[in-house]
Amino acid sequence: MTFIAGVFAFYSLFEIRKETLSNQVQRAANEFTADLNRQIGANTDFTQQLYSEISYYNLIRKGEQFDGEELANVFANHLARNPTLYQLRWLDEAGNEKLKVIKETSGKITRLANDALVNKGHRDYMQAAKKLNEGEVYHSAIDLNVEYGKIERPHRVTMRGVIYTGHHGLLPGYLVANFQLNNIMRKAYSTSALLYLTARDGYWLKHPDKSKEWGSQLSETDANAIRDVPDLWQFVNTKHSGSIVQAYGKLWQILSLKTELNNINGELEQNLFVLSSTTEEQLASLFKNTFLLVAFPTMLVLVYGIWSQHKLVKEEIRQLALNEELRDEKRQLVKSNRELEKTLKHQRSLQDELVETRKLSSLGMMVAGIAHELNTPIGSAMMSVSTLQDRYDSLAERLKKGVTKSALDDFLSLSEDALDSTMRNLYKSADMIQSFKRLALDRTSMTLEDIHIHTIINDLIVMMYPHFELNSVKIAIQCDEATTLKTYPGILSQILQNLVENALHHAFPDGQKGKLQIAAKKERGLVHITVSDDGVGISQDIKENIFDPFVTTKRGEGNTGLGMHLVHQWTTQILKGRIYVEPMIQGARFVLILPSLKEEDVNGTTA
């Protein structure tokens, strides 16, 4: 019985401790797999975003001579910012390299001369990319980079993203981005587990013995999992992904990866196998240590048996207690998440209410502005009519007694002046009302219209003129009356009003006099609008977050900090444009860059 109990205790403890090794092996494989999948996803996003940037700015326009200068600058900027990106190219449909910008191992970024460009039409990734549909990204298989027919040294483990560019008026060809995976392939994911990566044909892509890697490209046909570990390879082809097996004196985990690599249309295919294992010494040492640990207590089972069993039971109880604590913490986390979701929903509701309040405030300011501006011309007209009425009554009295020609001439002259003054003031009032009408209708309309930028700016200035007088701020407009844009006039007017109000509230403290300028011009199909002032400027800490919600320096004066956030959201989300703060020695300048919108560009857009 003592022997049987000892054998049972040995195998039980050995399996428990072996489970710890299995967890270490699994953790290393899972972390590597997660990093690889994240890198593939990041490469896809980058390739699509770069294509969108090239398409947006028409950097390879169809029908123009391609010199690649602008595109080379864009390539260089991305290479400088992206640590895994080391090569960007644009090739024509025949596979001829037309532009190639590389990042050397030293970090230097270079555009290769035309005589250094070659034809890549024979490469597998170029042949596969010919089947791409619009916007799709093809990922090459992971391999060593080849330049001018030779494998580059030191080795660069490479994955390529390819996208076709022959849409939206761009020259037909292929945008190719080379991503370096050396960091992932050389990273030590665990000190207690060995990590391997094989292709579907069994060749090692990652191996603790670096001489066995890349046998297919380096003509090392024996450096292959099928030859090195044939018994394990049988498990690879028969076991489920995630299985733990024991072979060659080690514990192994097998992960079958389904990726987009070397596939068209984003289809997933099982083309990589991640293997992680213990060392031979670990399993042998675990067996030896477990045997020694159990053998002595077994020999003294009559003395120490009860104590040993008590210890094991106590450990189990502790594990159960820990598991229960974990379940309690999980329940608390779920509860906290629900409360946070409620709080976030309430915050969004408050933000929507603040947006509506902002719109009503803008409308109130417009009404106050038109009322103030109409007061002067209407008052002048009433004064002229009142004076004319008095003279008319006086003339009527004098007619009863007889009137001289000179008195009649005086009355006619005065009547002419009074009527002329009245008509001028009434016309001025009508113009103001018309401006207010256009502005009010624009604010409530979400119809795409061809507008004159000068009219939008002028109507806004008319409505806000009392505020400029109150703040002793002079306003200047620089805009060609022929400058037009197809957009949402109400949204554009609201954006400009928020920018002007921001300048009046923050640029000129304590009644400081100043100048505000609104300028607009059209360049390469885009309208550039600047709102600048010569006030106190914007501090660096505010400038970095000025478009974030609830950022304000005057919260104590009733400001919500949503004005600039709404300006950014309206500009980028609805008008499909850009906005930024331009550095100035004195004052501040906001720059809006807006495209003309098309119906198909704005389907689904809401205010």
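The values are calculated or read from the model by the stated rules, or taken from the named source; none is laboratory data. Nothing here was measured: the structure is a model prediction, and the numbers come from that model. Methodologically, a virtual Cβ is constructed for each residue, glycine included, from the backbone with ideal geometry; neighbour enumeration extends over all protein chains shown. Please note that ligands, DNA and RNA were not included when accessible areas were found on the heavy atoms of the full protein model with its side chains. Shrake-Rupley method; radii C 1.70, N 1.55, O 1.52, S 1.80 Å.
The table below lists the values:
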{"read-out": "Shape of the stretch 515-590, Cα gyration tensor, a/c cut at 1.5", "value": "oblate"}
{"read-out": "Between 0 and 90°, nearest 10: helix 453-470 axis offset from the chain longest Cα axis", "value": "70 degrees"}
{"read-out": "P(r) weight above 14 Å for the stretch 168-230, C-alpha pairs, percent", "value": "65 percent"}
{"read-out": "Listed values (1) 44.6; (2) 42.1; (3) 34.7, entry calculated as mean projected area of the Cα convex hull in nm²", "value": "(1)"}
{"read-out": "Ellipsoid semi-axes in whole angstrom, largest first, where each is sqrt(5λ) of the Cα gyration tensor of the stretch 1-154", "value": "50, 17, 16"}
{"read-out": "Length-normalised contact order for the stretch 1-146 - Cα pairs under 8 Å, 6+ apart - percent", "value": "13 percent"}
{"read-out": "Over the chain, relative contact order from alpha-carbon pairs under 8 Å, at least 6 apart, %", "value": "9 percent"}
{"read-out": "Computed E for ARG81/VAL385 - FRET, C-beta separation, R0 60 angstrom, nearest 0.05", "value": "0.30"}
{"read-out": "Karplus-derived 3J(HN,Hα), 6.51/-1.76/1.60, for each residue of the stretch 514-529, Hz, glycine and proline x", "value": "x, 10, 10, 10, 10, 10, 9, 8, 10, 9, 6, x, 10, 8, 9, 10"}
{"read-out": "Calculated FRET efficiency for the pair HIS155/VAL118, C-beta based, R₀ 22 Å, to 0.05", "value": "0.65"}
{"read-out": "Label-to-label distance, nm, for residues given as LYS311 and ILE477 (7 Å Cα→Cβ offset)", "value": "9.0 nm"}
{"read-out": "Farthest toward positive dipole pole in the chain [+1 Lys/Arg, -1 Asp/Glu at C-beta], among ALA407, CYS479, VAL294", "value": "VAL294"}
{"read-out": "Note, ³J(HN,Hα) from phi for the stretch 46-54, Karplus 6.51, -1.76, 1.60, rounded to Hz, x at Gly and Pro", "value": "4, 4, 5, 5, 5, 4, 5, 5, 5"}
{"read-out": "Sequence ranges 495-505, 542-552, ranked by mean other-Cβ count within 10 angstrom, highest first", "value": "495-505, 542-552"}
{"read-out": "Apportionment of accessible area to carbon and sulfur, the stretch 454-494, percent (1.4 Å)", "value": "46 percent"}
{"read-out": "Most positive-pole-ward Cα, LEU144, LEU171, VAL118, against dipole of the chain from beta carbon charges", "value": "LEU144"}
{"read-out": "Where only C-alpha atoms are counted, convex hull volume of the stretch 474-530 per residue in Å³", "value": "84 Å³"}
{"read-out": "Efficiency of FRET from Cβ geometry, ASP510 and GLU582, R₀ 22 Å, rounded to 0.05", "value": "0.30"}
{"read-out": "Sequence-distant residues sharing a close amide H with ALA141 (under 5 Å, placed H)", "value": "ASN262"}
{"read-out": "The chain: angle of helix 69-81 to the longest principal axis, Cα-based, in degrees nearest 10", "value": "60 degrees"}
{"read-out": "Solvent-accessible surface (1.4 angstrom probe) belonging to ARG27, in square angstrom, nearest 10", "value": "130 Å²"}
{"read-out": "Dipole magnitude of the chain about its Cα centre (Cβ charges: Lys, Arg +1; Asp, Glu -1), debye to nearest 20", "value": "1220 debye"}
{"read-out": "Given charges at beta-carbon only (K, R positive; D, E negative), |dipole| of the stretch 92-243 in Debye", "value": "380 debye"}
{"read-out": "Over the chain: helical MRE at 222 nm, DSSP H runs n ≥ 4 each giving -39500 (n - 2.57), nearest 500", "value": "-17500 deg cm²/dmol"}
{"read-out": "Nearest-ten-degree value, helix 489-506 long axis tilted from longest Cα axis of the chain", "value": "90 degrees"}
{"read-out": "Accessible area expressed per residue, the chain, with surrounding protein chains retained (probe 1.4 Å, Å²)", "value": "56 Å²"}
{"read-out": "Spacing of the two label points (7 Å from each Cα toward its C-beta) at ASN73 and GLU15, in nm", "value": "6.9 nm"}
{"read-out": "Gyration tensor verdict on the stretch 61-112 (Cα atoms; rounded if a/c is under 1.5, prolate if a/b is larger than b/c, oblate otherwise)", "value": "prolate"}
{"read-out": "Solvent-accessible area, 1.4 Å probe, carbon plus sulfur percent, for the stretch 1-148", "value": "52 percent"}
